[in-house]
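A.B. asks: One structure, as structure tokens, below. Some questions next.
The values are calculated or read from the model by the stated rules, or taken from the named source; none is laboratory data. It should be emphasised that the depicted structure is a prediction, and the values quoted were computed from it without experimental measurement. Positions of Cβ are backbone-derived with ideal geometry, glycine not excepted, and every protein chain shown enters the neighbour counts. In case anyone asks, the SASA skips ligands and DNA or RNA and just uses the protein heavy atoms, side chains included. Shrake-Rupley method; radii C 1.70, N 1.55, O 1.52, S 1.80 Å.
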Amino acid sequence: MNTVQFIPKSLEEKVEKATYTWQTPSNIALVKYWGKSNPQIPKNASISFTLNNCNTITTIDFEKKSNTNKVSFELFFEGKKKDDFKPKIAEFFKRIVKYCPYILDYDMVINSENSFPHSSGIASSASGMSAIAMCLLSLEKELIPNLTEEYINKKASFLARLGSGSASRSIEGPLVVWGEHPDIIGSSNLFGIKFPYKIHSIFENYCDTILLVDKGEKQVSSTVGHNLMHNHPYAEQRFKQANENLSKLSNILQNGDIKEFVNLVESEALTLHAMMLTSNPYFILMKPNTLEVINKIWEYRAQNNSSVCFTLDAGANVHVLYPASEKTKIELFIKNSLIDYCQKNQYICDNVGFGAKLL
Ligand code: DP6
């Protein structure tokens, strides 16, 4: 694997002080990543819609320091010092320092905030890690001015992956593939790439309404869940299925077969949770209201000849997916029939987005 391409050869410019602010999105996987080997290499390829409204805004202030043998940073979340998030970020910097040796030259102050409510059960690691990665690449661009945009996106995704696998899919949009796959030209285990083929118009501006069914802390983290795939009786079959599903989905995204899309996406979501149910130790992240919502969606779809469907990530919240042409009707359906299943009736309206933005 060619990781040498991400080690800077020489830093041409001197920068004493710099500040960058990036807004990077969350994403929702259609074919799921669940199972990995070291260092953050996925067991199967995955693909996600990049979201638009669910994002993290991160500012990093860099100030040159004299002692260069240790990474030094402070972390603020929503204006408050957040020492409990520090170990995760410290581990991230440890993993990436080989590729960004310049971080040793600076004191860094990281200020981060999410657009979605705190502890909403929406994973912030994807948008959080990708935002830090983009700030680092902005500094790298100043130190090495001839970096191309293509290289910057690739390296940002490569770094973000080392923080959290799904974060590799939060740099670009509207659809990103991460993981080597024979049908996806240019795909890699090291970084995410934009889905390289023309997408059917039905998938443009696709909507995702996230129903906040349970906002509590998850009992089992994604990292623990991934590890449980190591001795999992169905692991090999699952990795094979996911790669086959990505082949099928690649065709569906190009030909616009919405019925097949619905079938594949819902099956992926339930298979992800089936892996949790059949791990040892086993666990359940869905809540009773997750199942209530799923049944309501199935009932509505059957009665209204609709293309609405759902997906789940590693939690109880339900992502309701539908084409923009059904927006008015589905928003009404959600208001009338689904919000009672959400904690404090909360939900977030989102749609497909185009990736990281420099602010
Ligand atoms: C169910 O990317 O959160 O959302 O690499 O350990 O940080 P780490 O895991 P993470 O796992 C995401 C799992 C998922 C599926 C997906 O996004 O593909």
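A.B. asks: So is ASP105 within 26 Å of the chain's Cα centre (by Cα) and open to solvent by less than 80 Å² (accessible area, probe 1.4 Å) or not?
C.D. replies: It is false that ASP105 is within 26 Å of the chain's Cα centre (by Cα) and open to solvent by less than 80 Å² (accessible area, probe 1.4 Å).
A.B. asks: Right, here's the next one. Does segment 236-258 contain any residue that is in contact with a Lys or Arg (Cβ under 7 Å, 6 or more places away or on another chain) and more than 16 Å from the ligand (Cβ to nearest atom)?
C.D. replies: Yes, the conditions are met somewhere in segment 236-258.
A.B. asks: If you go through segment 186-206 one residue at a time, how many are under 14 Å from SER46 (Cα atoms) and among the charged types (D, E, K, R)?
C.D. replies: Result for segment 186-206: 1.
One line per residue, one yes/no per condition, for (1) in contact with a Gly (Cβ under 6 Å, 6 or more places away or on another chain); (2) touching a residue at least 24 places away in the same chain (Cβ under 8 Å); (3) under 21 Å from TYR99 (Cβ atoms):
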position	(1), (2), (3)
SER157	yes, yes, yes
ARG169	yes, yes, yes
CYS207	no, yes, no
LYS215	yes, yes, no
LEU246	no, yes, no
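A.B. asks: Could you list, in sequence order, the residues of segment 22-38 that are more than 25 Å from TYR206 (Cα to Cα) and at pLDDT 95 or above?
C.D. replies: GLY35, LYS36, SER37
A.B. asks: Identify all residues within segment 22-48 that are part of a strand (DSSP E or B) and within 11 Å of the ligand (Cβ to nearest atom); write none if there are none.
C.D. replies: Within segment 22-48, SER26, ASN27, ILE28, ALA29, LEU30, VAL31, LYS36, ILE41, PRO42, SER46, ILE47, SER48 qualify.
A.B. asks: For segment 152-162, which positions are of a type outside the set (A, V, I, L, M) and under 11 Å from the mean Cα position of the chain (by Cα)?
C.D. replies: Filtering segment 152-162 down to residues of a type outside the set (A, V, I, L, M) leaves 153-155, 157-158, 161.
Those that are of a type outside the set (A, V, I, L, M) and under 11 Å from the mean Cα position of the chain (by Cα): SER157, ARG161.
A.B. asks: Filter the strands (runs of 3 or more DSSP E) completely within segment 258-359 down to those with at least 3 residues that are under 30 Å from ILE132 (Cβ atoms).
C.D. replies: Values: elements: 309-311, 318-322, 347-351.
Here the list reads 318-322, 347-351.
A.B. asks: Spot the failing condition for PHE92; the list is (1) open to solvent by less than 70 Å² (accessible area, probe 1.4 Å); (2) under 23 Å from GLU142 (Cβ atoms); (3) part of a strand (DSSP E or B), and only one is missed.
C.D. replies: It fails just one condition, (3).
A.B. asks: Of the residues PHE85, PHE62, which is modelled with pLDDT under 95 and either outside the structural domain of LEU312 (by TED's automatic domain parsing) or open to solvent by less than 40 Å² (accessible area, probe 1.4 Å) (or both)?
C.D. replies: Working: PHE62 fails: modelled with pLDDT under 95.
Criteria check complete, one pass: PHE85.
A.B. asks: Next question, about the same structure. Quick one: count up the residues across segment 164-212 that are open to solvent by less than 50 Å² (accessible area, probe 1.4 Å), more than 19 Å from LEU51 (Cα to Cα) and of a type outside the set (S, T, N, Q).
C.D. replies: 4
A.B. asks: Further question: Residue pairs, Cβ under 6 Å, 6 or more apart or interchain, first in segment 300-317 and more than 16 Å from the ligand (Cβ to nearest atom) and modelled with pLDDT of 95 or more, second part of a strand (DSSP E or B) and not acidic (Asp, Glu). List them.
C.D. replies: VAL308/TYR322; CYS309/LEU321
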